[in-house]
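Worksheet: one structure, shown below.
All of the numbers you see were taken from the coordinates with simple rules; none came from a lab. As the structure is a computational prediction, the values presented were derived from the model and not from experiment. Reconstructed Cβ throughout: ideal geometry from the backbone, glycine too, with neighbour counts over all protein chains shown.
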Amino acid sequence: MKFPNLAYFGSFDTAAQAGSFVHAAQLLLVTHGAVSRQIRALEESLGVELFERRNRAVFLTPAGRQLLHGR
């Protein structure tokens with residue numbers, strides 16, 4: 001089993017806290033595309049969707065909330 005890059009978890013955590021890939025990118029000093037790609041790669045590695053994407057807004061899925069809160 002190949003584990004996801006740890007940087008992906010940092011992008012996930014920042015985006016989850018910020019509630020936005022754009023705001024997370026500003027906090028991490030990267031582009032929002034970079035945050036989006038890292039989160040997509042994390043989702044593919046884990047085999048679950050972590051965010052529901054709707055019109056410029058993102059919301060944690062149940063799996064995303066579970067990962068964020070470590071349960």
Check your understanding: Relative to the present Cα-Cα distance, how much length would full extension add between Arg54 and Leu29 at 0.36 nm per residue of separation?
Key -> 6.7 nm
Practice item. Quick one: grab Rg to one decimal and Dmax as a whole number for the chain, Cα atoms only, in Å. Key: 11.1, 34
**Study point:** the chain: calculated mean residue ellipticity at 222 nm from DSSP helix runs of at least 4, using -39500 (n - 2.57)
**Key:** -19000 deg cm²/dmol
Check your understanding: Dipole of the chain, Cα-centred, from +1 at each Lys and Arg C-beta and -1 at each Asp and Glu C-beta, to the nearest 20 debye?
Key -> 80
